[in-house]
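Right, one structure below, let's go through it.
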Amino acid sequence: MINSLVNKSFIRLGVVAADREEAIQKAATPLVDAGMIEQRYIEAIIRSMKDNGPYFVLLPHVALPHARPEEGAIGNALGIAALKEPVVFGNESNDPVKYIFTLSAIDDGQHLESLAQLSQLLDEPGFFEVLDRATDPQEVIDYLESK
């Protein structure tokens, strides 16, 4: 269940970011603070984005930044960030990004399982409505627990 990957401290609402690098840094920092990833994991995401483009902007307005487990993943977790104002990531089809889901998985099997769980959640329009109107991370947790 997606609930096992998310806790209240991993959620940021109304995040202000000037560019895509700052957006990723702010979205992923709660996972660093919780000991789920190392700072170098965020650096690997940004480096990979610069080298390969914003391949993790998967849907309109949605980014799923992640790196390889060996690049600093410590635990299985999902950070959720809703930006106050969307940010251009450089993906023509899906820009600008408003929602960032930072995934940390300690192995490929967990990575695929987490992606499958998240894809179900991203198919629910109600989830994005909650992210847009929520003022407290607990509202997001309550929504996830109701699923």
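Bear in mind these aren't lab numbers, they're just calculated from the coordinates by the rules spelled out. All values derive from a computational prediction rather than experimental measurement. Every residue, glycine as well, gets a Cβ built from its backbone with ideal geometry; the counts of neighbours run over all protein chains shown.
Roughly how large, in nm² to one decimal, is the mean projection of the convex hull of the alpha-carbon atoms in region 101-147? It would help to have the intermediate numbers written out before the result.
On the way: hull surface 14.4 nm².
For the Cα atoms of region 101-147, the hull's average projected area reads 3.6 nm².
Between Asp107 and Ser9, what is the label-to-label distance in nm when each label sits 7 Å out along the Cα-to-Cβ direction?
Distance between the two pseudo-spin positions: 2.6 nm.
With a sphere of radius 14 Å drawn around the Cβ of Ala34, what net charge do the other residues whose Cβ falls strictly inside it have (Lys, Arg +1; Asp, Glu -1)?
Numbers: positive: Lys8, Arg12; negative: Asp33, Glu38.
Within the 14 Å Cβ shell, the charges total 0.
So what's the net charge close to Asn3: Lys and Arg +1, Asp and Glu -1, counting the other residues with Cβ under 10 Å from its Cβ?
Every neighbour counted, the sum reads 0.
Just name one of Leu59, Asn3, Pro125: the one whose Cα is farthest towards the positive end of the charge dipole of region 2-145 (beta-carbon charges, Lys/Arg +1, Asp/Glu -1).
The Cα lying farthest towards the positive end belongs to Leu59.
On a 20 Å Cα-Cα criterion, which of the cross-link pairs Lys8/Lys50; Lys98/Lys147; Lys84/Lys147; Lys8/Lys84; Lys26/Lys147 come out too long?
On the way: Lys8/Lys50 30 Å; Lys98/Lys147 23 Å; Lys84/Lys147 25 Å; Lys8/Lys84 18 Å; Lys26/Lys147 27 Å.
Table pairs above 20 Å Cα-Cα are Lys8/Lys50; Lys98/Lys147; Lys84/Lys147; Lys26/Lys147.
Take every Cα pair under 8 Å in the chain that's 6+ residues apart, average their separations, divide by the length, and report that relative contact order as a whole percent.
Rounded, it is 29 percent for the chain.
Could I get the Rg over Rh figure for the chain? Both from C-alpha atoms, Rh via Kirkwood, rounded to two places.
For the chain, the value is 0.92.
Under unit Cβ charges (Lys, Arg +1; Asp, Glu -1), what dipole magnitude, rounded to 20 debye, does the chain have relative to its Cα centre?
200 debye
What does the charge count around Ala44 come to, taking other residues whose C-beta lies under 12 Å from its C-beta (Lys +1, Arg +1, Asp -1, Glu -1)? Display every interim value, and only then the final one.
Working: positive: Arg40, Arg47, Lys50, Arg68; negative: Glu38, Glu43, Asp51, Glu70, Glu71.
Once all neighbours under 12 Å are counted, the net charge is -1.
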